[in-house]
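Enquirer: Supplied in structure tokens, the structure appears directly below.
The values are calculated or read from the model by the stated rules, or taken from the named source; none is laboratory data. Here the structure is a predicted model, which means the values were calculated and not measured. Positions of Cβ are generated from backbone atoms using ideal geometry, with glycine treated the same way; all protein chains shown enter the neighbour counts. For the accessible areas, the whole protein counts, side chains as well, though only heavy atoms, and no ligand, DNA or RNA atoms are used. Shrake-Rupley method; radii C 1.70, N 1.55, O 1.52, S 1.80 Å.
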Amino acid sequence: MSNVATKTTRFGPVLTPFPSPASAASPTTAPPSVRSAPAAPAAPSAGTDPAELRERALAARRMVIDMAATPTGCHLGGSLSVMDILIAALDRTAADENSEVVLSKGHAAAGLYAALYVTGVLGEDPVAHYGAATHHFTGHPGPGVEGVRFPTGSLGHGAPYALGWALSRRLAGAPGLAIAVLGDGELQEGLVWETFQVAAAQRVGNLVIVVDRNGGQNDGLVADISPEPQLAERFGAFGFDVREVDGHDVAALREVFEPDRSDRDRPLVVVADTVKGKGLRPVEGKAASHYVTIDAARAAAWKEIVR
């Protein structure tokens, strides 16, 4: 893989697989809410068949590989790890217009664009224009892209955007579910924990936080830089409901996203265990997959083997 460019870090080349995150204990409980919630809307539909969602995810992964073959390259590893989460979340959005998906880990923009395209939200193929200086398919998403309400990229900002949107819907007595997708490295940002504290204090039960726990970040391994032990317990102590799932099981993800939460008084966190570079065996679990630029021949070969 000599034609794969990686970012230089203070850790030097790191090519070892990411360790599987340790499972965490169940969350603690919190007192019931005394706030009123908006009237519940009609329940969203059951969503798309999981087999179809898996086909969408595979098609989107191939598009991400093509974006890695553009002159700018892309954040390949994180885009592949988050793909199944995005496909399931966007399917929930398609089934309920009163819902919003915010990709807080905005560096995975290539994954978001591909997921939006295969879901039918984007009418324009992002591969042809990804990274072009005059186009809105940039390395971090913004509201110029169909299906993107908030600009993200500076880590930690997508979570408060989602909280503000969800809280505004609740205060207006309107239905609305916000799903914010964060990386586990992003949890090192202090702003996200301020957001979680407010979400619990204001009992914003229509907020769902999804953590793409792939074990890696820009400079190496989360476990080596700022470990996050007992993550589920931490969220439980903040007053969140907590679910831990396989982040590549679209059926399990869709089931977690499915319920209407208009009458809930505790926000939900979904800790999704994922693999960086998922589906592409040569880079799965490797720090070198964080940001890559490849040639067309490599892209064609990888698209044949990606799963």
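Enquirer: Probe radius 1.4 Å, ligands and nucleic acids ignored: give me the carbon and sulfur share of the accessible area of the stretch 184-307 as a rounded percent.
Expert: C and S atoms contribute 47 percent here.
Enquirer: Hey, another quick one. Pick the calculated volume of the Cα convex hull per residue in Å³ for this structure from (i) 224; (ii) 141; (iii) 116?
Expert: (iii)
Enquirer: Under a cut-off of 13 Å between alpha-carbon atoms, report the aspartates and glutamates in cross-link reach of LYS105, not counting same-chain residues fewer than 8 places apart.
Expert: Counting by Cα, and skipping residues close in sequence, LYS105 has these aspartates and glutamates nearby: ASP184, GLU186, GLU189, ASP212.
Enquirer: Turning to a different aspect of this structure: Report, in deg cm²/dmol and to the nearest 500, the calculated mean residue ellipticity at 222 nm for the chain, where each DSSP H run with n ≥ 4 adds -39500 (n - 2.57) and the sum is divided by the residue count.
Expert: -10000 deg cm²/dmol
Enquirer: May I pose another question? Counting DSSP beta bridges with both partners in the chain, what percentage is antiparallel, nearest 5?
Expert: Rounded to the nearest five, the antiparallel share is 15 percent.
Enquirer: Before I look further, what does the chain give for accessible area per residue, probe 1.4 Å, in whole square angstrom?
Expert: 41
Enquirer: Please list, ordered by chain and number, the residues whose modelled amide H lies under 5 Å from the amide H of LYS286; skip anything fewer than 5 residues away on the same chain.
Expert: Under 5 Å from the amide H of LYS286 lie the amide H atoms of PHE18, each far enough along the sequence or on another chain.
Enquirer: Can you run phi through the Karplus equation (6.51, -1.76, 1.60; θ = phi - 60°) for the stretch 273-286 and list ³J(HN,Hα) in whole Hz, with x for Gly and Pro?
Expert: 6, 10, 10, 4, x, 3, x, 10, 3, x, 10, 4, x, 10
Enquirer: Amide H of GLY216: which non-local residues (sequence gap of 5 or more, or other chain) have their own amide H closer than 5 Å, using H built in the peptide plane?
Expert: Those lying under 5 Å, H to H, from GLY216 are VAL222.
Enquirer: If you don't mind, another one. Could you list which residues have their amide H under 5 Å from that of VAL271, counting only those 5 or more apart in sequence or on another chain, with H placed in the peptide plane?
Expert: VAL211, ARG243, GLU244, VAL245
Enquirer: Can you find, among GLY131, THR93, LEU103, the residue sitting farthest towards the positive end of the charge dipole of the chain, where Lys and Arg contribute +1 and Asp and Glu -1 at Cβ?
Expert: Highest projection toward the positive end goes to GLY131.
Enquirer: Okay, next question. Can you work out the Karplus-derived ³J(HN,Hα) for every residue in the stretch 254-267? Use 6.51 cos²θ - 1.76 cosθ + 1.60 with θ = phi - 60°, whole Hz, and x for glycine or proline.
Expert: 4, 5, 5, 7, 5, x, 5, 10, 4, 9, 8, 10, 10, x
Enquirer: Could you go through the stretch 90-100 in sequence order and give the Karplus-derived ³J(HN,Hα) for each residue, using 6.51 cos²θ - 1.76 cosθ + 1.60 with θ = phi - 60°, rounded to whole Hz, and x for Gly and Pro?
Expert: With coefficients 6.51, -1.76 and 1.60, one gets 5, 5, 5, 5, 5, 7, 8, 5, 8, 8, 9 Hz.
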